[in-house]
Amino acid sequence: MTNRLELSGVIAKDPKRSKSLAGIPHCHFVLEHRSYQREADLPRQVYCYINVVVSGQGQQTLTQDLAVGSHIKVGGFVSYQTGRNGIGKLVLHADHIEKI
């Protein structure tokens, strides 16, 4: 089954870095996307916020220069996560980040 998402946008919240109990580094941030798309032959304004996480030792070089307002293109897979408050959300687990 295919699970791959690419999305461009602007970093909307400061990246937060942490380590799991197993010592795996993580970088979390929120990407804001705005664009115009065509649907049913009509223009449509599209807007979304998505949580992004970058995990692993080698992946941290992708995130070292990220800051609020950075324009980037992100690629990875999407997973559903439930927070401590019981509210679920989609999270993009990035393996590719490109500044644009």
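The values are calculated or read from the model by the stated rules, or taken from the named source; none is laboratory data. Keep in mind that this is a model prediction, so the values were computed, not measured. Note: ideal-geometry Cβ built from the backbone for every residue, glycine included; neighbour counts use all protein chains shown. Accessible surface is based on the protein model in full, side chains and every heavy atom, while ligands, DNA and RNA are left aside. Shrake-Rupley method; radii C 1.70, N 1.55, O 1.52, S 1.80 Å.
For the peptides 49-55, 94-100, 77-83, 37-43, the ranking by mean Cβ contacts within 10 Å, running from highest to lowest, is 49-55, 94-100, 77-83, 37-43.
For the options 13, 73, 89, a Gaussian network treatment of the chain with springs between C-alpha atoms closer than 10 Å singles out 89 as fluctuating the most. Give me D for the chain in µm² s⁻¹, whole number, from Stokes-Einstein with Rh from the Kirkwood sum over alpha-carbon pairs, 10 °C and 1.306 mPa s. After rounding, the answer is 110 µm²/s.
For the range 69-76, the Karplus equation 6.51 cos²θ - 1.76 cosθ + 1.60, evaluated at θ = phi - 60°, returns couplings of x, 5, 8, 9, 10, 10, x, x Hz by residue, with Gly and Pro reported as x.
If you plug the beta carbon distance of residue 35 and residue 90 into 1/(1 + (r/R0)^6) with R0 = 25 Å, you get a FRET efficiency near 0.90. The listed peptides 24-30, 64-70, ordered by packing as a protection proxy, come out as 24-30, 64-70 (highest mean of other Cβ atoms within 10 Å first). The HN-Hα couplings worked out from phi for the range 92-100 by the Karplus form 6.51 cos²θ - 1.76 cosθ + 1.60 (θ = phi - 60°) are 8, 8, 7, 10, 9, 9, 10, 6, 10 Hz, whole numbers, x standing for Gly and Pro.
Per-residue Karplus couplings for the range 53-58, computed as 6.51 cos²θ - 1.76 cosθ + 1.60 with θ equal to phi - 60°, are listed in order as 10, 10, 10, x, 4, x Hz, Gly and Pro entered as x. What's the local net charge at residue 12, with K and R +1, D and E -1, over the other residues with C-beta under 14 Å away? Overall, the nearby charge balance is +1. Placing a pseudo-label 7 Å from each Cα along the Cα-to-Cβ vector at residue 77 and residue 13 gives an inter-label distance of 2.4 nm. Element breakdown for the chain at a 1.4 angstrom probe: carbon and sulfur atoms account for 53% of the accessible area.
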